[in-house]
Amino acid sequence: MKTRHPSLEGCLERLALFTAIFAPDRAPRLLEQLSADIREEALQHSRHLASLEQASRQGRVARVFGERPDAGARLRALLAEARPGLARELWARMPPHHRASLHELARLDPVEPRLSSAMNALAARLIKEATR
């Protein structure tokens, strides 16, 4: 059995993810061009990614490649349109590095009663969607 260099660990999954997102119609053909010893594993990752729902693929992209470059602007716009109760919950759930960049909105610290569990779930989902 041939051992793989440690730097390739996870690389094939990321490559398959990249091709699935940026060239979905050509992903298998692009991965077919890899060397024979890694081709099948990359194609397996590609098939798995193709079987996922779009939201799951987008979540994987965010986890693997990081947040959207415009996440801060999207969060700012989201907070600007949210009613006060939802805005407080959004602020409470916002990642700390975004809170620091939106420091002028610190007045939204949650001091009033918390929202319902449905509104909490909505706030969590809106934060997730704005950052990925």
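Bear in mind that the values in this text are calculations on the coordinates, not laboratory data. The structure displayed is predicted, hence computed values, not measured ones. Note that we place each Cβ from the backbone using ideal geometry, even for glycine, and neighbour counts take in every protein chain shown.
Stretch Arg93-Ser116 to full length: gain in nm at 0.36 nm per residue minus the Cα-Cα span?
Value of the extension gain: 6.8 nm.
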TODO: List, in order, the whole-Hz ³J(HN,Hα) value for each residue of segment 68-82 obtained from phi through the Karplus relation with A = 6.51, B = -1.76, C = 1.60 and θ = phi - 60°; use x for Gly and Pro.
DONE: 5, x, 9, 4, x, 5, 5, 5, 4, 5, 4, 5, 5, 9, 7
Open item on the list: Cβ neighbours within 10 Å, averaged per peptide: list 43-56, 11-24 in order, most packed at the top.
Closed with: 11-24, 43-56
Task: Gained length - Cys11 relative to Ala50, 0.36 nm times residue gap less alpha-carbon distance - done: 12.3 nm
Task: Ascending count of other beta-carbon atoms within 10 Å, so fewest first, for Asp37, Asp70 - done: Asp37, Asp70
Task: Length added when fully stretched, Asp37-Lys128, from 0.36 nm per residue minus Cα-Cα - done: 29.1 nm
